[in-house]
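Student: Got a structure for you, written out below as structure tokens; questions coming shortly.
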Amino acid sequence: MRSGTVRSRTVGGNAPAAVLWAELTKVRTLRSTAAALVLSLLVSVGIAVVDGLSVRHAIDAGSDQVRPDFDPVNAGFVGVQFAQLGVLAFGVLLISGEYGSGMIRASLAAVPRRGLFYGGKIGAAVTVVLPLAVVMAFAGFLTSQGALGPYGVSLTEGAALRAVMGACLYLTLMCLLAVGTATMLRGTALSLGVLFSLVFVLSPVANAVPGLREVARYLPDHAGSQVMTVGSQADPVLGPWTGLLVLVCWTAAALTGGHLLLRRRDA
């Protein structure tokens, strides 16, 4: 009788599609995750417009505040750099929220195969974030170029399309990096603190210090962002695809670490 009760509570007999659907249902019903994604989109487009207008005004005014290596393509992704805050938060909350509420026990009872449960989390993250990243990257780029007016470029000019598609991949991989990190650390505050400190404190500071610059270029955010950077602002050592590969390696390491710890630890 007891075994029958447990079996009846499993998700679709642990079919991968059923597990994925269950995880997507959790995303739809959790306000915190939805808020993080909506905020990401609004920030991406809003900052893109504000930055484009301010740069256009500075150029028209002949201000020396405009960088000599200014490239309008790079200006299209200023909003994306800040919008990744919401994407990272979504990736963390996707798994750490269950640990914080204690629902992880019910989830693992419904999907006893932890690898399948973890795969459902990863699948849900990609299913939700990748389409949003496409909208975010294209909307941010097009609105910023519109705000730049005569100084903007079209999507078909130079490496613009590659940079936009690269931004989509960058945001998706950073989200998965957050999923792996949160699975290892389990706590929401700790996971967000580590990731935000890495992206907005450690990476910029290390990149500004000559002695640490060689190390900083291989940090996940700096390396990955090269796929959406063009011209002289790009890293002279890492190309766009090499930089993306470095981010892929960081993401794979985080997801692997999360999987190993999830299998070994109690809920």
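Student: Going residue by residue through region 59-76, is there one that turns out to be open to solvent by 60 Å² or more (accessible area, probe 1.4 Å) and either in a helix (DSSP H, G or I) or at pLDDT 85 or above (or both)?
Tutor: yes
Student: If I filter region 102-141 down to residues being without any contact (Cβ under 8 Å) to a residue 40 or more places away in the chain and of a type in the set (A, V, I, L, M), which single residue comes out as nearest to LEU41 (Cα to Cα)?
Tutor: Across region 102-141, the extreme among qualifying residues is VAL134.
Student: Answer yes or no as to whether ASP235 is acidic (Asp, Glu) and over 29 Å from GLY120 (Cα atoms).
Tutor: Here the answer is yes, as ASP235 does meet what is asked.
Student: Is there a residue being of a type in the set (Ser, Thr, Tyr), open to solvent by less than 30 Å² (accessible area, probe 1.4 Å) and assigned to a helix (DSSP H, G or I) anywhere in region 125-147?
Tutor: The answer is yes; a qualifying residue exists.
Student: While we're on this one: For region 17-51, which residues satisfy the criterion of being among the charged types (D, E, K, R) and open to solvent by less than 50 Å² (accessible area, probe 1.4 Å)?
Tutor: Within region 17-51, GLU23, ASP51 meet the criteria.
Student: What are the pairs with Cβ atoms under 6 angstrom where one residue, in region 200-212, is closer than 14 Å to PHE82 by Cα and the other, located anywhere, is open to solvent by 60 Å² or more (accessible area, probe 1.4 Å)? Sequence gap at least six, or different chains.
Tutor: Listed pairs, sorted by first residue: none to list.
Student: So, one more: Please determine, by comparing only the residues of region 217-267 that are in contact with a Ser or Thr (Cβ under 9 Å, 6 or more places away or on another chain) and in a loop (DSSP other than H, G, I, E, B), which one is most open to solvent (accessible area, probe 1.4 Å).
Tutor: This residue is ALA267.
Student: Which residue pairs have Cβ atoms under 8 Å apart, sit 6 or more places apart or on different chains, and have a first residue in region 216-231 that is hydroxyl-bearing (Ser, Thr, Tyr) and modelled with pLDDT under 90 and a second that is open to solvent by 10 Å² or more (accessible area, probe 1.4 Å) and part of a helix (DSSP H, G or I)?
Tutor: Within 8 Å, the pairs are THR229/ASN74; THR229/PRO240.
Student: Turning to a different aspect of this structure: Take the residues of region 97-124 that are buried (at least 16 other Cβ atoms within 10 Å of the Cβ) and farther than 19 Å from ALA252 by Cα: which is nearest to the chain's Cα centre (by Cα)?
Tutor: GLY97
Student: Hey, among the residues in region 151-171 that are open to solvent by 10 Å² or more (accessible area, probe 1.4 Å), in a helix (DSSP H, G or I) and free of Cβ contacts under 8 Å to residues at least 60 places away in the same chain, which one's nearest to VAL230 (Cα to Cα)?
Tutor: LEU161
The values are calculated or read from the model by the stated rules, or taken from the named source; none is laboratory data. These numbers were taken from a predicted model, which means no experiment stands behind them. Note that we place each Cβ from the backbone using ideal geometry, even for glycine, and neighbour counts take in every protein chain shown. Accessible surface is based on the protein model in full, side chains and every heavy atom, while ligands, DNA and RNA are left aside. Shrake-Rupley method; radii C 1.70, N 1.55, O 1.52, S 1.80 Å.
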